[in-house]
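Reviewing the structure listed below.
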Amino acid sequence: MSRYTLFNNIFGSALFSLVVALASPLSFAETAAATKPQVLLPFSAIYEAKFSGFGVTAERKLSGSPSSWRLDFSVHSMFAKIEEYSRFAQQGERLIPQHYDYQKSGLGRDRHTALSFEDDASRVVNVYDKARSIEKAPANIQDKISYQLQLAIDVANGKTPLKYQVADGKRIREYEFRVAGKENIKTPMGLIETVKVERVREEGAERVTNIWFAPKWKYALVKLMQQEDNGKSYQITLTKLSIDGKEVSAKD
């Protein structure tokens, strides 16, 4: 397999759209049992991604405040790089996307996508291709990063159902998840108790996606695993996490 093919298998697949979004440790100022709305906290997280024995390191950072958060993602290798960010506001337990930007460069065709969310006009404007804008967007539409932050907030609050509408170019994709229970997971940071979440798919589907969030670490994503219908598997694992400027560990 060429390096170009391998890179696209990891970073050009539908899985990676999920990995990119889910690799966002969610840091809350309140616990799920609290009565006040949960507020995100700034964080910095490092992940190791593996595909068929090939590994890269990804970094994500959340900065800003509830009126204007910015979530950055970056992954660099010797032959390509991806940089992505989302700007969004938080109103209580709801995240309101404002702008989404994705850039890939290196091997293969470079790609740059930008979406501007006009909440008051119910529109999602495709900045570089206006013909692919979304008119009459649903009230709770999310981008590829913000919907996963919303997922973790909803899991922390015990909400059901876990269904989301996501802007993907001109299309609106729908995703559904369910909580499968608690599970202890071994990580490079130690043994941690997690909440396991499964992607809901059509009956008989062979593709399986499992996600593990850590309540102890403010519902940070600890691990994501996807088993493809061809038998191949993909995985990302948290290796380092700082919340509000303080590095955390399994002993905390």
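Each residue of region 114-126 is assigned a 3J(HN,Hα), and the resulting list reads 9, 10, 10, 9, 9, 4, 5, 9, 6, 10, 10, 8, 7 Hz, derived from the Karplus form 6.51 cos²θ - 1.76 cosθ + 1.60 (θ = phi - 60°), x at Gly and Pro. Within region 230-252, what residues put their amide N at less than 14 Å from the label point 7 Å along the Cα-to-Cβ vector of Glu48? Label zone hits: 235-241.
In a fully extended conformation the segment linking Asp168 and Ala180 would gain 1.6 nm over its present Cα-Cα distance, using 0.36 nm per residue.
Are there any trypsin sites (Lys or Arg not before Pro) in region 195-252 that are in a DSSP loop and have at most 15 other Cβ atoms within 10 Å? List them by number.
When the trypsin sites (Lys or Arg not before Pro) of region 195-252 are filtered for loop state and at most 15 Cβ neighbours within 10 Å, Arg201, Arg207, Lys232, Lys251 remain.
Just add up the charged neighbours of Ser233: K/R +1, D/E -1, any other residue whose Cβ is under 14 Å from the Cβ of Ser233. Combined, the nearby Lys, Arg, Asp and Glu give +1. Computed 3J(HN,Hα) for region 237-252, one whole-Hz value per residue from the Karplus formula 6.51 cos²θ - 1.76 cosθ + 1.60 where θ = phi - 60°, is 9, 6, 10, 7, 8, 10, 10, 6, x, 10, 6, 10, 8, 5, 7, 5, glycine and proline marked x. The Cβ shell under 14 Å around Thr194 holds other residues with a net charge of +3, Lys and Arg each +1, Asp and Glu each -1.
Any read-out appearing in this document is the output of simple, stated calculations on the displayed coordinates, not a laboratory observation. Bear in mind that the values here come from a model prediction, so they are computed numbers and not experimental data. FYI the Cβ positions are ideal-geometry reconstructions off the backbone, even for glycines, and counts take in every protein chain you see.
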